[in-house]
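Notes for the one structure printed next.
The values are calculated or read from the model by the stated rules, or taken from the named source; none is laboratory data. Keep in mind that what you see is a predicted model, and the values were worked out from it rather than measured. Cβ placement follows ideal geometry from the backbone for every residue including glycine, while neighbour counts extend to all protein chains displayed. Ligands, DNA and RNA are stripped out before the accessible areas are found, and what is left, the full protein with its side chains, is counted by its heavy atoms. Shrake-Rupley method; radii C 1.70, N 1.55, O 1.52, S 1.80 Å.
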Amino acid sequence: MGLLSTIFGILCGFLNSIFSLFAFGIGTSIGLVIGYYAFINALPTDVEDVKVCPLVEEDWETLQRLIPEIPLWVKNPDFDRVDWLNKFIENMWPYLDRAICATAKNIAKPIIDEQTPQYKIQSVEFETFTLGTIPPTFQGMKVYTTDDKELIMEPSIKWAGNPNIIIAVTAYGLKATIQVLDLQVFGIPRITLKPLVGIFPCFASIFVSLMNKPHVDFGLKLLGVDLMAIPGLYRFVQELIKDQVANMYLWPQALEVQIMDPEQALKRPLGILDVTVVKAVKLQRKDLLGKSDPYVKLNLREEKVAFKKTTVKRSNLNPEWNEEFSFVIKDPATQVLELRVYDWDQVGTHEEMGLNVVPLKDLTPDEPKVLTLVLLKTLNPNDPQNDKPRGQLVIELVYKPFKEDEMLDNIDDSGMMEKAPEGTPAGGGLLVIIVHEAQDLEGKYHTNPHVRLLFKGEERKTKRIKKNRDPRWDEEFQFRLEEPPTNDRLHVEVYSTSSRIGLLHSKESLGHVSINLVDVVHNRRVNEKYQLIDSRNGRVQIELRWRT
């Protein structure tokens, strides 16, 4: 009996210890949570009115506290007052906000994609990214003059903004939303514009460096709780950000934002190349039944401009075009004219019938030259497929270099006004549509975009680009019209199609827009980015030309 009593007493003591530890753990956790919210809610809400007192010369302590708030143009003669710039930024801020956010996301995305795998993070997405309605303020600016082709500025920036940045992070199958708000940034960056060139916007790249560690303060909400209110975490995060930003961008290190290709920007136009596509001879048909429908594409190799294209000659293996085109030449010693003959097909892709190139260094200035080019399969001279006859292409070229007093510092190849080809109705003209690119496309099921043009019951399509939210096509389409399209509209729709067989939603619209053509008739050329209807942020860049 005594033994049973002893065992029962030991068991009760053991259970009592277990329950005590369990109660202590629960009590401590609940106490920390209650204490944290009590700390937040116990902050005083009644704020007394500020007492305004006159500043006297003997009050050195107050003067010392005010010195950091005095603009640099008052304390330092090297800094200029830039109130005009603050007014400019204030008026431009809604547009600068969108541009800066888009650039920041493009810079951050590859960095995030590189870092997430090592932390087992599945995805990081920007749900909302806006810098708010309050623009930064420039307290002054210092400008340096150098002997190089560059402009160096050091603005003093103070910004206490109201941004709203929401980032969704997915890891281990769980999704958490982080919100950045109440951002404050004080710093002096060095902004360098170089090299300076004679083509708008007059500089090729922007380099940004920090001259000292910036002051950064912000709120960070996770699951509705402001983490920056936790004692000790605020200072740790602030110092961490300062060190990380300083390690990447503290001078002489710099963030480079390229505006244009420096090599191309430094080349100014030297002349005009006039090309006449005369005819093709003995083309080999591509269709099993009937003849081919050939047309010619022309472009300068390795130039990021839209190609030019002749009209389509239906059912003709010896077509005659006699159509004229012009190109702006910047380096005749290295530039090459490329010509490709295609067979137009109403369904599917257009099949290439042959190609050839003409180095511009072979042309004598101001001397017309007629060439008969043998069409090849490839540009590889050792390719045995080039031995197969594919026909010939007859063209006429003349390179007209500018005289010294005619040198143009700013000329755009795409802006040249060309005449309509022979055969165009006297009262009508040629409508040229160039689909350049699209931005911020987003499909619900897939994003493999192509553009569909619908005009006067006729449909044209660009090629499909797989898995791309910012595709670039630079494809040209032509419509020969009996009269100016002053009362007509062009319907543009961006579609996404999937190549997966059996997919329920194999095709979906990414947005559309209807363009009134009266402006291109009056202005001869319109090149704009259009906001797509039924798309959150999608835009498409369409260039229109009217030739008579």
Qualifying position, being aromatic (Phe, Trp, Tyr), over 24 Å from the mean Cα position of the chain (by Cα) and either under 24 Å from residue 89 (Cα atoms) or modelled with pLDDT of 85 or more (or both), among 207, 129, 186, 200: 186
Count - residues of the stretch 326-377 that are among the aromatic types (Phe, Trp, Tyr) and under 30 Å from the mean Cα position of the chain (by Cα): 1
Total residues in the stretch 479-496, condition under 14 Å from residue 510 (Cα atoms), among the hydrophobic types (A, V, I, L, M, F, W, C) and in contact with a Pro (Cβ under 9 Å, 6 or more places away or on another chain): 1
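When residues of the stretch 323-337 are filtered for being polar (S, T, N, Q) and loosely packed, with under 14 Cβ neighbours inside 10 Å, how many remain? Full working, then the answer.
Going through the stretch 323-337, the residues polar (S, T, N, Q) turn out to be 326, 334-335.
When the remaining residues are screened for being loosely packed, with under 14 Cβ neighbours inside 10 Å, the result is 334.
The total comes to 1.
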Segments classed as strands (runs of 3 or more DSSP E), wholly inside the stretch 484-548, with at least 2 members that are open to solvent by less than 30 Å² (accessible area, probe 1.4 Å): 489-497, 507-516, 539-547
Pairs where the first residue, in the stretch 80-94, is part of a helix (DSSP H, G or I) and the second is of a type outside the set (A, V, I, L, M), C-beta under 7 Å, 6+ apart: 85/138; 86/137; 86/138; 89/135; 89/136; 90/135; 93/135
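How about the stretch 338-361: which of its residues are under 15 Å from residue 270 (Cβ atoms) and open to solvent by less than 20 Å² (accessible area, probe 1.4 Å)?
Pass one, the stretch 338-361, residues under 15 Å from residue 270 (Cβ atoms): 360-361.
Passing the criteria: only 360.
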Residue match in the stretch 133-149 (condition: touching a Leu at 6+ places or on another chain (Cβ under 6 Å) and open to solvent by 80 Å² or more (accessible area, probe 1.4 Å)): yes
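Only one of 311, 334, 276 is at pLDDT 80 or above and assigned to a strand (DSSP E or B); which? If you could, list the steps in order and put the result at the bottom.
Numbers: 311 fails: assigned to a strand (DSSP E or B); 334 fails: assigned to a strand (DSSP E or B).
276 is the lone residue from the list that is at pLDDT 80 or above and assigned to a strand (DSSP E or B).
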Residue within the stretch 166-184 that is assigned to a loop (DSSP other than H, G, I, E, B) and among the small types (Gly, Ala, Ser) present: yes
Residue in the stretch 162-206 that is farthest from residue 100 (Cα to Cα), counting only those that are in contact with a Ser or Thr (Cβ under 8 Å, 6 or more places away or on another chain) and of a type in the set (S, T, N, Q): 170
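From 402, 477, which residue is aromatic (Phe, Trp, Tyr), modelled with pLDDT of 85 or more and either open to solvent by 30 Å² or more (accessible area, probe 1.4 Å) or not assigned by the TED database to the domain that holds residue 360 (or both)? Talk me through it step by step, then tell me what you get.
Numbers: 402 fails: modelled with pLDDT of 85 or more.
Answer to the check: 477.
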Near pairs, Cβ below 7 angstrom, 6+ apart or cross-chain, from the stretch 172-191 (within 18 Å of residue 237 (Cα to Cα) and outside the structural domain of residue 246 (by the TED database)) to any residue that is among the aromatic types (Phe, Trp, Tyr) and open to solvent by less than 50 Å² (accessible area, probe 1.4 Å): none
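Is it the case, given these coordinates, that residue 100 is more than 19 Å from residue 439 (Cβ to Cβ), surrounded by 12 or more Cβ atoms within 10 Å (Cβ to Cβ) and in contact (Cβ under 8 Å) with a residue 12 or more places away in the chain? Even if it seems obvious, please write down each step before you answer.
Numbers: more than 19 Å from residue 439 (Cβ to Cβ): no; surrounded by 12 or more Cβ atoms within 10 Å (Cβ to Cβ): yes; in contact (Cβ under 8 Å) with a residue 12 or more places away in the chain: yes.
No; evaluated as a whole, the condition is false for this residue.
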Residue 164 vs. criteria open to solvent by 40 Å² or more (accessible area, probe 1.4 Å), closer than 21 Å to residue 132 by Cα and of a type in the set (S, T, N, Q): yes
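Being assigned to a loop (DSSP other than H, G, I, E, B) and in contact with a Gly (Cβ under 8 Å, 6 or more places away or on another chain) is the filter here; which residues of the stretch 462-483 pass it?
Across the stretch 462-483, the qualifying residues are 482, 483.
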Filter result for residue 432 (at pLDDT 90 or above, of a type in the set (Val, Ile, Thr) and not in a loop (DSSP other than H, G, I, E, B)): no
